[in-house]
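The values are calculated or read from the model by the stated rules, or taken from the named source; none is laboratory data. Predicted, not measured: the structure shown is a model, and the values here were computed from it. Cβ placement follows ideal geometry from the backbone for every residue including glycine, while neighbour counts extend to all protein chains displayed. Calculation scope for accessible area: heavy atoms of the full protein, side chains included, ligands and nucleic acids excluded. Shrake-Rupley method; radii C 1.70, N 1.55, O 1.52, S 1.80 Å.
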Amino acid sequence: PDRLRREAVRVAAELPAAVRKDTRTIRVRSYDSITLELTGDREVVWGSGERGAEKARTLTALMKAARGADHFDVSAPSSPAVSGS
């Protein structure tokens, strides 16, 4: 449990400020299954805590490009996904 808690803190520290302020919950199911629940019923699949800075940059770009989306997947930041409206 302590390791998973540390992963949640690590992810929170990597989040862009705008995303951090909209984050309601960081859910850590396992080391590589971390999701963020945001305001407006939006969800971010983060994956593991690794490559956090890259995931944060990718998430920022996705959120700008797909403003109406409600599901973002940056678990593989080189091939992110977005869905919903």
Considering only strands (runs of 3 or more DSSP E) wholly within segment 2-85, the ones with at least 2 residues that are open to solvent by less than 20 Å² (accessible area, probe 1.4 Å) are 33-38, 42-47
Pairs only if they're at least six apart or on different chains, beta carbon under 7 angstrom, first in segment 4-26 and more than 14 Å from Leu59 (Cβ to Cβ), second part of a helix (DSSP H, G or I) and of a type outside the set (Lys, Arg); list them, first residue then second. Arg10/Gly52; Arg24/Thr39
Quick one: in segment 19-64, which of the residues that are of a type in the set (Ser, Thr, Tyr) and in contact with a helix residue (DSSP H, G or I) (Cβ under 7 Å, 6 or more places away or on another chain) is modelled with the lowest pLDDT? Tyr31
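Let's see how each residue does on (1) among the small types (Gly, Ala, Ser); (2) touching a Ser or Thr at 6+ places or on another chain (Cβ under 8 Å):
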{"site": "Arg20", "(1), (2)": "no, no"}
{"site": "Arg24", "(1), (2)": "no, yes"}
{"site": "Asp32", "(1), (2)": "no, yes"}
{"site": "Arg42", "(1), (2)": "no, no"}
{"site": "Met63", "(1), (2)": "no, no"}
{"site": "Ser75", "(1), (2)": "yes, yes"}
